[in-house]
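Okay, structure first, notes after.
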Amino acid sequence: MMMLIYILAAIIVFIILLAAIAPKNYNVHRSITIDKPKENVFEYMRYLRHYEAWSPWHKKDPNISITYTGTDGEVGIKSAWDGNKEVGSGHQTISLIKANEIIESELVFLKPWKSQSIGYYIFEDGITGQTKLTWGFKGKNKFPATVFMLLYNMDKVVGKDFEEGLASLKKLLENV
């Protein structure tokens, strides 16, 4: 019986140790330079419906179901999606639009796991006529997700999707 107590105590201490060293926050982002003025890139990006043309997740599930609520291009527009295993389900609501500087959204993921994040696009001037666009999302990890993040490299996995999406967006906007 004492051996069982020692084993359980060791497991509990191990879990507490993992939780203590696990990352509590995340901020995954990628940037790209687009050969278009910042105002043009910003104006395109403020509309959620435009995401369907370049988003990597739309490519992963061409049959994704998306609904929109609110006025596109304005704070409060909400996009809800339901897709396959790779895409999952959730919704995002634009929470901040600061012309030619930043767009933020509240992201709620329901599947494959529940989480909340802040998504963002930052628009910066590049060389004359260019825009440096940064796409990212950030948030806090809650236990037990904190322990899972020791094994799952969110920056590598999601960052790859951001890179793919930004490359598609660049190609789309530069060919308009």
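Screening the range 40-78 for residues that are in a loop (DSSP other than H, G, I, E, B) and of a type in the set (Phe, Trp, Tyr) and picking the one that is surrounded by the fewest Cβ atoms within 10 Å (Cβ to Cβ) gives TYR47. The C-beta contact set for the range 41-61 (first residue under 13 Å from LEU133 (Cβ atoms) and in contact (Cβ under 8 Å) with a residue 24 or more places away in the chain, second residue of a type in the set (Gly, Ala, Ser) and crowded, with 19+ Cβ neighbours inside 10 Å, distance under 8 angstrom, 6+ apart or interchain) comprises TRP54/GLY165.
Taking the range 53-68 as the range and being within 15 Å of the chain's Cα centre (by Cα) and modelled with pLDDT of 90 or more as the test, the residues that pass are TRP54, SER55, PRO56. Applying the condition of being surrounded by 15 or more Cβ atoms within 10 Å (Cβ to Cβ) and either more than 14 Å from the chain's Cα centre (by Cα) or among the hydrophobic types (A, V, I, L, M, F, W, C) (or both) to the range 148-166 and asking which residue is modelled with the lowest pLDDT yields MET149. The requirement of being out of contact with any His (no Cβ under 9 Å at 6 or more places or on another chain) and among the small types (Gly, Ala, Ser) is not satisfied by SER79.
Filtered by the rule that a residue be basic (Lys, Arg), outside any strand (DSSP E or B) and modelled with pLDDT of 75 or more, the range 6-39 gives LYS36, LYS38. Among the residues of the range 98-124, those identified as among the aliphatic types (A, V, I, L, M) and surrounded by fewer than 18 Cβ atoms within 10 Å (Cβ to Cβ) are ALA99, ILE102, VAL108, LEU110, ILE118, ILE122.
Select from the range 79-93 the residues that are closer than 11 Å to THR69 by Cβ and not polar (S, T, N, Q) and write down the one among them that is surrounded by the most Cβ atoms within 10 Å (Cβ to Cβ). Among those that are closer than 11 Å to THR69 by Cβ and not polar (S, T, N, Q), it is HIS91.
The values are calculated or read from the model by the stated rules, or taken from the named source; none is laboratory data. None of these values were measured; they are calculated from a predicted model. Here the Cβ is made from the backbone with ideal geometry for all residues, glycine too, and neighbour counts use every protein chain on show.
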